[in-house]
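Sharing a structure below in C-alpha cells format, with a few things to ask.
Here, each number is a calculation from the coordinates, and none is a lab measurement. No experiment lies behind these values; they were computed from the predicted model shown. Quick reminder, even Gly has a Cβ in these numbers, built from the backbone with ideal geometry, and neighbours come from all protein chains shown.
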C-alpha cells in the first residue's frame, strides 16, 4: 500500500482545484470539501531576503525529486499560507499531506505528458484569469490590494503561476482519464450507506433549490449623455490643471477598488481579465494623455496613461455608472412579467426561458439555479442575499415570484423572477431524501479506490527521491521514495 491505514488520502477534484480528503470517517469528506481551495503551487509567493549578518540562512530546499521535476519546501509552505489566507482550516499535518499530494501530482503530470494528453495554452490562460478574478474578489474587488499583498503585479503573479497551473491541468487530465469509466450502481450506493455508522450520519439544515431569471435594466440615453458630458467636463478640468486626475478620482469615481488610490491600476496588454474596450483605449494613450469617455460593461471611464513600458502600463481611471431610474426598472418588470406568464401557461419551460432571457453571468455557464460553495444547486438560507430571503419567504415550493427589483451591489440594480423548486426539512441524512448526495459520495470513494490502485502500480515505475528529514517527519512519504534512499 502507498498509504498506511488511517492516514488521510487525497483525491484531486479536477474541476475546482479542491482537495477532497478520504478519512477514516466517510463523512469527513463533506467537512473537508469546504476547507481547501488551492492550486498545486500558489499564486502568491514569499520572498526570502538575505540578511546583512554573516550568519548563513537557508532560504529554501528541495523536498522531493520526481523524474526530472523538483518540489521545493517553499512550494508547500506557500500553499499552506494561501489556505490560511483564504480562511481555510489548516490541519496539524498539512505539510505532510500537501507534500504527499505534490509528489503524486507530479507522477500524474509526467504520465499525462507521456500519454500526450491535450492541455492548450488557451486553457492555461483561462485558468489563470479565473484565479486572478477569484483572488481580486477575495480582496473586495481591489486589484491594487491584491498586488500589495502578493508584492507583484497581476502580470507577474500570472507569469509565476503559469507553469504550475499547466502542471496542475495535466495532472487533472490524467486523473480524469483514470476514473472516466468509473460508474456506481444503486446497490453500491445502498451498500455504501449501510456501512456508515448510524451515529455518524450528518444532520442537514433546511436546503433550497432556487432558480432565477435576471434582467439588469440599462440606463436611458439621456442619462448616458449626461454622464459622458460630466466626464468630458472632468477631463477639461484636469487638462487645465484645475485639479489633478488622482484627486478627481478620489472624489467622483465609482470604482471602489481603485477610488482610494486615485484610480490607479497596473495593466498588461495580454491580460484577459479586463474589458477589451477599456484595455484597448488605455493602450492607445501616450504618457500623460487622457482618453475621451470610454464605454465598458461596467459603465463609462476616463483613462489617464501614467507610464507605459511595452505591454505593461500604469494608468489612472475614473468610473461613472449611469443611474437606472424607475422608468427602466418598470420596463424590466413588464418584460419579466410577460416571461413569467409564458412559464405559468406552460408555453415555455423555466430553464428554457432562463437560457433565453437571463442576464446573470453565472447562468451562462452553470444554469439558472443558485449554487452552493461546492457547486451543487442546494443552498441554505444564510447563503442568500437579504432581498432573496424576503422573496422566497412568500413562496411555496413550485411557485414563481412576481418580477421583483433587487440590488446586486450599491451601484447595480436588477429585476428577477425567482423559482422555488424545492425546500427540504432539517433531517438526518437518509437514502430517501439524500440519495443524490450519497450516490455522489459513493462514486467519489469508488473513484478514489480506482486512483489508488493506479498509483500503486504506477508510482514504482518513476524515479522518486524524498528528503531524509521529510521522510522522518512524514513517514507516509517513505513508501513513495523509489529512488536513492540517501539524503540529498
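How much length would be gained if the chain were fully extended between residue 296 and residue 70, taking 0.36 nm per residue of separation minus their Cα-Cα distance, in nm to one decimal?
In short, 77.0 nm is gained.
Now for a different question. Cut-off is 10 Å between beta-carbons; in what order do 178, 213 appear when sorted fewest neighbours first?
Listing 178, 213 from fewest to most nearby Cβ atoms yields 178, 213.
Could you rank the peptides 342-348, 400-406 by their average count of other C-beta atoms within 10 Å per residue, with the highest value first?
Values: 342-348: 12.0, 400-406: 17.3.
So the order, starting with the most tightly packed, is 400-406, 342-348.
Ranked highest first by the average count of other Cβ atoms within 10 Å around their residues, in what order do 294-304, 232-242, 351-361 fall?
Details: 294-304: 20.3, 232-242: 13.4, 351-361: 16.7.
Descending packing order for the listed peptides: 294-304, 351-361, 232-242.
While we're on this one: Rounded to two decimals, what ratio of Rg to Rh does region 221-320 give with C-alpha atoms and a Kirkwood Rh?
In region 221-320, Rg relative to Rh is 0.94.
If you count, for each residue, the other Cβ atoms within 10 Å and average over each peptide, how do 314-327, 275-288 line up from highest to lowest?
Result, highest mean first: 314-327, 275-288.
Taking R0 as 35 Å, what's the FRET efficiency between residue 89 and residue 160 from their Cβ-Cβ distance, rounded to 0.05?
Once the sixth-power term is evaluated, E becomes 0.85.
If the chain between residue 270 and residue 220 were fully stretched, how many nm would it gain, using 0.36 nm times the residue separation less the Cα-Cα distance?
14.7 nm is the gain from fully extending residue 270 to residue 220.
Moving on to the next point. Taking 1 over the mean of 1/r across every pair of different Cα atoms in the chain, what Kirkwood radius in Å do you get?
Computed over the chain, the radius equals 26.1 Å.
Pop the C-beta distance of residue 121 and residue 181 into the FRET formula with R0 = 30 Å and round what comes out to the nearest 0.05.
After rounding, the FRET efficiency stands at 0.55.
Can you compute the modelled spin-label distance between residue 347 and residue 396, with each label point 7 Å from Cα toward Cβ, in nm?
Result: 2.6 nm between the two label points.
Could I ask something else about it? For residue 384 and residue 252 in one chain, what is 0.36 nm times their gap in residues minus the Cα-Cα distance, to one decimal in nm?
Roughly 44.4 nm would be gained on extension.
Among bridges DSSP assigns within the chain, what percent are antiparallel (round to 5)?
Values: 47 of 47 bridges.
Bridges in the chain are about 100 percent antiparallel.
Between residue 113 and residue 435, how many nm apart are label points set 7 Å from Cα along the C-beta direction?
Calculated label separation equals 4.6 nm.
Indicate the gyration tensor shape class of region 77-127 (rounded, prolate or oblate), computed on the Cα atoms with a ≥ b ≥ c the square roots of the eigenvalues: a/c under 1.5 is rounded; otherwise a/b larger than b/c is prolate and the rest oblate.
Oblate is the answer for region 77-127, as a/c is 1.5 or above yet b/c matches or exceeds a/b.
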